[in-house]
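J.: Pasting a structure below so you can have a look.
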Amino acid sequence: MKPEVKKALIAKFTALADDELVLSHRDAEWTGHGPILEEDIALANIAQDELGHATVWLGLRKELDGSDPDQLAFFRDSTKFRNAELLELPRGDWAFTMLRQYLFDVYEAAWLSAAKASSYQPLADAAAKILREERFHLQHTQAWVERLGLGTEESNRRMQAALNMQWGYTQQLFVPLQDEEILVRENIVPDLSAVKTKWLEHTTRHLRDSRLELPLNIGYQPGSRETHTEHLWSLLAEMQSVARWDAEAKVW
Amino acid sequence: MVSLSPKGSRAEVREIWEALSRVPDPEIPVVNVVEMGILREVRIDGDKAILTMTPTFSGCPALHAIRESLETVVRALGFEAQVQIVLSPPWSTDWITAEAREKLLRYGIAPPNPALAEAGLIQLELSPTRCPRCGSFDTSVKNTFGPTLCKSIHVCNNCLEPFESFKAV
């Protein structure tokens, strides 16, 4: 593999893993606080799946540069994380959490469907594996968007407020990394603009069917994944606290 | 336990498979890792037994426990253990043997329906899940997500019992 391709691919795996890891943590914050027991369990499952996917992506990175996934997850500073800002925003209310998960699930399903054809076999294999699990997420969150959008005045208002806030942030999912173009040229990763077309097709239809309006003013759209909101720092402080306190985890 | 067959022979590989078929799935101990389709391959290279396994779900926390159990068993047979984890082909519930399905059913878990070909971004299960207690097809899904990643929660409208079912993937 050419050095510039390898470098770009390491960066891509890091971004993919960080998206999953950070979202997983935000979802996991609901454990024990879900609106009903079934939903508590469902979201904990989704969080666990996303954590598993982060492990897969960091495992692929490890094959390229020998890095240790645990070290990257639990001992890396916030300035080195490459997740999209959408995923680090505080969990908000149930509508906020479900909408974010839905918008991300559609993006992930569309990206993975295309990535199954990657010319880099380990990535194609991982995409096929992860996609099977993602379908359950999308089925679940899609139903929640509909339920809250078409539910009561209150649930619709909350869902609409979440959409107004998140719509601009979601656009960052389709901003390529600095050298991602090299990977696209080699057919290693899908072209994000094609993924976005698919994403828009699905989300705009479903949101409208759920009586939600796409915001006219798209709002803040983050660009580079090298900067973050102030929320990432505190998220990591909590997520990494145990590992940093006792790296060997030998004391109970 | 010490292997009796000549080193590297086909009989020896078979002995390893047999020994590993006594390793239970840590989350569903009535079935073993061989009949669940988790263990994919056994090879012998000199003193080393090379095992290939695949996770059911990529976030499955049992993966490490299974890996350790496999290593312990082959070491007890006098081999050095090397366990490789592969993602491809992705694990499918279609790989669960008929015998294991029967065991799941007796344990109170509805075995998975045949996995559907991938269609679109989401997949809905079309065939109804059968109640493992009374056998009725009149059941409803209560939660696509259950106590473990691989199961969903249902309720039987006939005997009114809740039950778990293996997700078809």
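J.: Ratio of chain A's C-alpha Rg to 2.2 N^0.38 Å, to two decimals?
T.: My calculation over the Cα atoms of chain A gives 0.99.
J.: Can you give the FRET efficiency to the nearest 0.05 for residue B:98 and residue A:200, using r as the Cβ-Cβ distance and R₀ = 60 Å? Numbers along the way, then the final one.
T.: On the way: r = 45 Å, r/R0 = 0.75.
For R0 = 60 Å, the calculated efficiency reads 0.85.
J.: To continue, here is another question. What is the P(r) of region A:96-141, as percent of Cα-Cα pairs per 10 Å bin from 0?
T.: Answer for region A:96-141: a P(r) of 31, 47, 19, 3 percent.
J.: With charges set only on the Cβ (+1 for Lys and Arg, -1 for Asp and Glu), what does the dipole of the protein assembly as shown come to about its Cα centre, in debye to the nearest 20?
T.: Dipole size: approximately 600 debye.
J.: Averaged per residue, what accessible area in Å² does region A:1-95 show with a 1.4 Å probe, protein chains only?
T.: Here the residues of region A:1-95 average 38 Å² of exposed surface.
J.: At a probe size of 1.4 Å, how large is the accessible area of residue A:157, to the nearest 10 Å²?
T.: 130
J.: With +1 on each Lys and Arg Cβ and -1 on each Asp and Glu Cβ, how big is the dipole of chain A about its Cα centre, in debye rounded to the nearest 20? Provide the component values of the computation, followed by the final result.
T.: Numbers: 28 positive and 40 negative charges, 112 e Å.
Rounded to the nearest 20 debye, it is 540 debye.
J.: How many nm is it between the label spots at residue A:248 and residue A:208, if each spot is 7 Å from the Cα in line with the beta carbon?
T.: About 6.2 nm separates the two model spin labels.
J.: Additional query: Quick check: convex hull over the Cα atoms of region A:112-223, volume per residue in Å³, rounded to an integer? The partial results should precede the final answer.
T.: On the way: hull volume 11.0 nm³, N = 112.
Dividing the Cα hull volume of region A:112-223 by its residues yields 99 Å³.
J.: Can you list the lysines whose alpha carbon sits under 24 Å from that of residue A:12, skipping same-chain ones fewer than 8 residues off?
T.: Those lysines meeting the cut-off are A:2, A:62, A:80, A:116, A:129, A:196, A:198.
J.: Moving on. So how many Lys-Lys pairs in chain B land under 27 Å Cα to Cα, not counting same-chain pairs under 8 apart? Walk me through the numbers on the way to the answer.
T.: Numbers: B:7/B:48; B:103/B:142; B:103/B:151; B:103/B:167; B:142/B:151; B:142/B:167; B:151/B:167.
Lysine pairs satisfying the spacing and distance rule in chain B number 7.
J.: Here is a follow-up. Under DSSP H, which helices of chain A have Cα atoms covering 20 Å or more of the helix axis and a Kyte-Doolittle average no less than -1.0?
T.: Long hydrophobic helices here: A:3-28, A:37-65, A:94-115, A:121-149, A:192-209.
J.: OK, next. May I ask for the Rg/Rh ratio of region B:38-164, computed from Cα atoms with Rh as the Kirkwood radius, given to two decimals? Can you show the working numbers first?
T.: Details: Rg = 17.9 Å, Rh = 16.9 Å.
Ratio of gyration radius to Kirkwood radius for region B:38-164: 1.06.
J.: Kindly provide the GluC sites (Glu not before Pro) of region A:37-81 that DSSP labels as loop, not H, G, I, E or B, and whose Cβ sees at most 13 other Cβ atoms within 10 Å.
T.: Counting only loop positions with at most 13 other Cβ atoms within 10 Å, none of the GluC sites (Glu not before Pro) in region A:37-81 qualifies.
J.: Nearest 10 degrees is fine. How inclined is helix B:10-20 to the longest principal axis of chain B, computing both from alpha carbons?
T.: 50
J.: Check each residue of region B:130-150 and keep those whose accessible area, probe 1.4 Å, is at least 40 Å² smaller with all protein chains in place than in the chain alone; give them in order of residue number.
T.: Those residues are B:143, B:144, B:145, B:149.
J.: Any idea which of B:131, B:77, B:143 is furthest toward the positive side of the dipole for chain B, if Lys and Arg beta-carbons carry +1 and Asp and Glu beta-carbons -1?
T.: Going by the charge dipole, the pick is B:131.
J.: Then there's this: Which angle from 0 to 90°, rounded to the nearest 10, does the C-alpha axis of helix B:62-76 make with the longest principal axis of chain B?
T.: 30
J.: When only Cα pairs under 8 Å and 6 or more residues apart are kept, what is the percent relative contact order across region B:10-85?
T.: It comes to 30 percent, rounded to a whole number.
J.: Once every Cα of the protein assembly as shown carries one equal point scatterer and solvent is ignored, give the base-10 log of I(q)/I(0) from the Debye formula at q = 0.12, 0.13 Å⁻¹, two decimals.
T.: Debye intensities relative to I(0), on a log10 scale: -1.07, -1.24.
J.: Only bridges whose two residues both fall in the protein assembly as shown count here: according to DSSP, what percent of them are antiparallel, nearest 5? Display every interim value, and only then the final one.
T.: On the way: 16 of 24 bridges.
About 65 percent, rounded to the nearest 5.
J.: Heavy atoms of the protein only, probe of 1.4 Å, neighbouring chains included. What is the accessible area of residue A:2 in Å², nearest 10?
T.: Residue A:2 has an accessible surface of roughly 110 Å² with all protein chains in place.
J.: Ignoring ligands and nucleic acids, what accessible area does residue B:27 show with a 1.4 Å probe (Å², nearest 10)?
T.: Number for this one is 70 Å².
J.: Give the share of C-alpha pairs in each 10 angstrom bin for region B:10-85, from 0 to the last occupied bin, in whole percents, shortest bins first.
T.: It works out to 20, 59, 20, 2, in whole percents.
J.: Another one. In what order, largest first, do B:159, B:150 sit by accessible area if the probe radius is 1.4 Å?
T.: Ranking B:159, B:150 by accessible area, largest first, yields B:159, B:150.
J.: Also, I was wondering about something else. Treat each spin label as a single point 7 Å out from the Cα along the C-beta direction, and report the residue B:72 to residue A:179 distance in nm.
T.: Using points 7 Å along Cα→Cβ, the separation is 4.5 nm.
J.: How high is the relative contact order of chain A, in percent, counting Cα pairs under 8 Å that sit 6 or more residues apart? Can you show the working numbers first?
T.: Values: 307 pairs, mean separation 62.7, N = 252.
Dividing the mean separation by the residue count of chain A yields 25 percent.
J.: With r as the distance between the Cβ atoms of residue A:36 and residue B:136 and R0 = 25 Å, compute the FRET efficiency 1/(1 + (r/R0)^6) and round to 0.05.
T.: Efficiency, from the Cβ-Cβ distance: 0.45.
J.: Now for a different question. Let me understand region A:187-252 better: what is its radius of gyration from the alpha carbons, and its Dmax, in angstrom?
T.: Here Rg and the maximum Cα pair distance are 19.8, 54 Å.
The values are calculated or read from the model by the stated rules, or taken from the named source; none is laboratory data. What you are looking at is a predicted structure, and each value in this text was computed from that prediction instead of being measured. Using ideal geometry, Cβ is built from the backbone for each residue, glycine included, and neighbour counts are taken over all protein chains shown. Remember, those area values only see protein heavy atoms, side chains included, never the ligands or the DNA or RNA. Shrake-Rupley method; radii C 1.70, N 1.55, O 1.52, S 1.80 Å.
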